[in-house]
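A short write-up of the structure that comes next.
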Amino acid sequence: MKSYVMGIDFGSTTAKTVILDLKGRVVSSSVAHMGAVSGDGVKASISNALEQAGITQEDVGRTVSTGYGRRMLDIADKNFTEITCHARGAVAMVPDARLVIDIGGQDSKVIAVDSNGLVAQFAMNDRCAAGTGKFLEVLARAMEIDLEKMGGVALEAKEELKISSMCATFAETEVISLLAEGNTKPNVLGAVHAAIASRTLGLVGRVGKKGPVVMTGGVAKNQAAVHYIEKALGMPLILPETPQIAGALGAALIALDDYRSEHKDELAEMEEDDRLEAQMEFDKSCVPGCKGVPELALTEQEKAAGPAKGKVRTIWEAVQNNL
Amino acid sequence: MRLLATLVLEAKPEEDVNKQEILAVFEDAASRPLAYAQAWKDRTGGKVVGSFPMNFPGEIAHAAGTLPMILQESDDAITLGHGLLFPFYCGYTRSMVDQAARQEFNVLDAIMFGDHCVQLLGMADAIRMQLPDTKVIFFQLISSMCDPWTFGRAVESFEVLKNELEEFLGSKISDEAMHESTKIFNRNRQMIRKLYEMRKSGAVSLSAVEMQHIVKSSMIMDKVDHNKLLEQFMAYVEANPEPEPKGIRLHLSGHFCQAPKREVLDMIEDCGAIIVGDDLYHGFRYISTDVDEAGKPVEALAKWYMERNTGVPCPTRVQNDVDWDSFLLKAMEQEKAAGMIVLMAKFCEPHMYYYPEVKEAFEKKGVPHLLIETEHESMAIEGLKTRVETFLEIVKRRQAA
């Protein structure tokens, strides 16, 4: 039996990989820009994660892929949609979450989840790139500003402007008109982010507004997007530390379930061995020279009184005298 | 044009014909309906009567010796039709008008239609203007199905329709001819219903697209020829049982006028579903109900019209003792379907208005369903695939729970 499982999120603009051990602990994670067609980004993401974990693909027992390129990965044993995986990953990161807003490069989705991270309902953008990372990318280019900086500039907006087009290309025309009318870049960028928030609220409406809400996907790193979505929702967003890897984490958790269930007998044996080993370690503390006093060796009165000096030695001597 | 139907029916001995060859004939007619009509016309010298969905009694036109044909949405992009119908009309009506504007309906001698929805009425007017030399016969069907006068009104409508057709063709349609056509149509419906039963039980493996080819070609082809092919098909599939297909059993619902696009149906099955039932017009809705073979033929058609709404309820009809959502839930139970995909054509008003009731009933019962809005223009299949796969993942999980 192998000791690790892997989740890969082969997205449209980035590739993410998460490696877990069989207890579900994150061993490593990696995000790489791509290269969607060549697959170079996903290869880099996988090798980085393996390197960080200090293992090779041979050590991985199960690999689950997700994202738009999920079917293109030969190393994946199974694939699941990004909706299923983001739900699972987001709830693993924020166990109380009941609604997941995921805004990625090419799509945005709102997912209602149960306490196990399973999808109850979902809605996806079905109108081109409206309300996605691509929408921000197109408009950043139109406004000649770095994508990473646009959120910060948008937060400086003083005036509320409106971009009403559903289409990224037409929105670009609106942005140019607003700038031509003499509006400031922060105000126009504020309107761009408000437009994303309004599309997101539309998706929330289709699924049903509920909380707590967690936001995942690359756009969760954009402070202005978060601010405007919170304002539109009238609710705070919980932001995981690494929102981009939620899908890959979900995929890895599904891989873990699958692998654990396939090897449940061996795992039960291993867990029993671990338990016995721990017990042995514990018991060893009764031998001379050990620093601690095992709780089990004390009566309730002794526990209440605190450890009695020399007690363990006395027991040990008594045992030896009787051998 | 050489039709596959002719090749198979005339050139090959019956025992040599296999399932795929007959399906290819059905597909050929289903994909080129107007070419089929032209070839039939060239062969027989008869007249072709086109009709719009969904309660047109083809039996009357057949009894008059014509080829009744349900007119089909084309896969071509809308071109000249844009100048005649606004984009908020559904894909079916826009495609019909576009075909008329491009003079593709010249093969038709007459077109008949009933007032099933406002968009169909607008479409018929636009077509009438484009084809001034084509006879257009309009018939009105009562939409209130429970009134004491419903039956009488339906009889009147079909009488008017029959009279107008007789006038156009210049000859009377006898009761005997009507009875004969009714038998032929019933035989066709019965065979297709049997295929539905066989698919449900796993006795025959038919994809959603293959079933669509069978039903759609029945709307187009001469029913006598279609029956002959169906008989060969039934004989073949009964003699050559196949292993039961594996997948998540789903019911397909919606699309009252046009056939769902092939790429959508294929995509749903590629995601791991098998379609075990439907209420599509290009499906069970078309063949759900037979016409009485005895008695007065027009009265039998009126009875058929009324029973049809119980066979598969339609949101364009009003019937207090029938509701579509209960019908769907019951059908799914019989089909052992684990979920339903609703295919809603944009902008089909009757469907849009009724859907909230279906949604509510399904959510109340905890039966998973997914709504997909379909368009005449190409659809973003990759995004749809993600939605369908997620839906199937939800269905699988509920099955496992």
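Over 17 Å from the mean Cα position of the chain (by Cα), within 12 Å of chain B (Cβ to nearest Cβ) and assigned to a helix (DSSP H, G or I): which single residue out of A:Arg71, A:Arg88 fits that description? The unique qualifying residue is A:Arg71.
Inside the range A:115-142, residues that are in contact with a helix residue (DSSP H, G or I) (Cβ under 6 Å, 6 or more places away or on another chain), within 20 Å of A:Ala197 (Cα to Cα) and in a loop (DSSP other than H, G, I, E, B) make up a count of 3. Per this entry, B:Lys385 is not counted among residues that are open to solvent by 30 Å² or more (accessible area, probe 1.4 Å) and either more than 9 Å from chain A (Cβ to nearest Cβ) or within 22 Å of the chain's Cα centre (by Cα) (or both). B:Asn309 meets the conditions (1) away from every other protein chain (no Cβ under 14 Å); (2) modelled with pLDDT under 95; (3) part of a helix (DSSP H, G or I); (4) in contact with a helix residue (DSSP H, G or I) (Cβ under 8 Å, 6 or more places away or on another chain) in every case but one. The failed one is (4).
Applying the set (1) modelled with pLDDT of 95 or more; (2) out of contact with any Phe, Trp or Tyr (no Cβ under 8 Å at 6 or more places or on another chain) to A:Ile111 leaves exactly one unmet item: (2). Of B:Ala300, B:Ala400, B:Ala361, all but one fail to be free of Cβ contacts under 8 Å to residues at least 40 places away in the same chain and away from chain A (no Cβ under 14 Å); the exception is B:Ala361. Filtering the range A:141-171 to residues that are open to solvent by less than 50 Å² (accessible area, probe 1.4 Å) and either farther than 21 Å from A:Ala232 by Cβ or not assigned by TED's automatic domain parsing to the domain that holds A:Ile229 (or both) leaves A:Ala142, A:Met143, A:Ile145. Evaluate the following for A:Thr63: is it hydroxyl-bearing (Ser, Thr, Tyr), within 11 Å of another protein chain (Cβ to nearest Cβ), in contact with a strand residue (DSSP E or B) (Cβ under 9 Å, 6 or more places away or on another chain) and not in a loop (DSSP other than H, G, I, E, B)? So A:Thr63 fails the test. Residue check: A:Phe135 meets all listed conditions (1) farther than 21 Å from A:Pro236 by Cα; (2) within 13 Å of chain B (Cβ to nearest Cβ) but one, namely (2). A search for C-beta distances below 7 Å between a residue of the range A:96-125 that is of a type in the set (Phe, Trp, Tyr) and any residue that is buried (at least 22 other Cβ atoms within 10 Å of the Cβ), counting only pairs 6+ apart in sequence or on different chains, returns A:Phe122/A:Ile83; A:Phe122/A:Lys109; A:Phe122/A:Val110; A:Phe122/A:Ile111; A:Phe122/B:Thr390. Candidates A:Glu241, A:Glu266: the one that is part of a helix (DSSP H, G or I) and open to solvent by 70 Å² or more (accessible area, probe 1.4 Å) is A:Glu266. Considering only residues in the range B:364-374 that are in contact with a strand residue (DSSP E or B) (Cβ under 8 Å, 6 or more places away or on another chain), open to solvent by 20 Å² or more (accessible area, probe 1.4 Å) and within 12 Å of chain A (Cβ to nearest Cβ), the one that is farthest from B:Asp323 (Cα to Cα) turns out to be B:Glu373.
Taking every residue in the range B:112-137 that is within 18 Å of B:Gly83 (Cα to Cα) and pairing it with any residue that is outside any helix (DSSP H, G or I) and open to solvent by 40 Å² or more (accessible area, probe 1.4 Å), at least 6 positions away or on another chain, the pairs with Cβ-Cβ distances below 6 Å are B:Gln119/B:Tyr89; B:Ala126/B:Leu84. Inspect the range A:177-187 for any residue being closer than 18 Å to A:Asn125 by Cβ and assigned to a helix (DSSP H, G or I) and give the result as yes or no. Scanning the range A:177-187 turns up no residue that is closer than 18 Å to A:Asn125 by Cβ and assigned to a helix (DSSP H, G or I). All told, A:Ser65 falls short of being over 21 Å from A:Gln106 (Cα atoms) and surrounded by 15 or more Cβ atoms within 10 Å (Cβ to Cβ).
Does B:Phe391 count as more than 19 Å from A:Leu203 (Cα to Cα), open to solvent by less than 20 Å² (accessible area, probe 1.4 Å), of a type in the set (Phe, Trp, Tyr) and within 14 Å of chain A (Cβ to nearest Cβ)? Spelling it out, it is not the case that B:Phe391 is more than 19 Å from A:Leu203 (Cα to Cα), open to solvent by less than 20 Å² (accessible area, probe 1.4 Å), of a type in the set (Phe, Trp, Tyr) and within 14 Å of chain A (Cβ to nearest Cβ). For A:Glu159, state whether it is in a loop (DSSP other than H, G, I, E, B) and more than 29 Å from the chain's Cα centre (by Cα). Spelling it out, A:Glu159 is indeed in a loop (DSSP other than H, G, I, E, B) and more than 29 Å from the chain's Cα centre (by Cα). Taking the range A:1-33, which residues are open to solvent by less than 50 Å² (accessible area, probe 1.4 Å) and among the basic types (Lys, Arg)? Residue satisfying the conditions is A:Lys16 alone. Looking only at the range A:91-114, residues that are more than 23 Å from A:Ala197 (Cα to Cα), away from chain B (no Cβ under 14 Å) and assigned to a loop (DSSP other than H, G, I, E, B) come to 1 in all.
Looking for something within 26 Å of A:Ala123 (Cβ to Cβ) and surrounded by 24 or more Cβ atoms within 10 Å (Cβ to Cβ) - is there at least one such residue anywhere in the range A:37-49? Within the range A:37-49, none of the residues are within 26 Å of A:Ala123 (Cβ to Cβ) and surrounded by 24 or more Cβ atoms within 10 Å (Cβ to Cβ). Taking first residues from the range B:257-278 that are closer than 12 Å to B:Lys246 by Cα and partners that are of a type in the set (Gly, Ala, Ser), the Cβ contacts under 7 Å between residues at least 6 apart in sequence or on separate chains come to B:Glu269/B:Ser207; B:Glu269/B:Ala208; B:Gly272/B:Gly247; B:Ala273/B:Gly247; B:Ile274/B:Gly247; B:Ile275/B:Ala208; B:Val276/B:Ala337.
The values are calculated or read from the model by the stated rules, or taken from the named source; none is laboratory data. None of these values were measured; they are calculated from a predicted model. Backbone-built Cβ (ideal geometry, glycine too); neighbour counts: all protein chains shown. These accessible areas exclude ligands, DNA and RNA; they are computed on the full protein's heavy atoms, side chains included. Shrake-Rupley method; radii C 1.70, N 1.55, O 1.52, S 1.80 Å.
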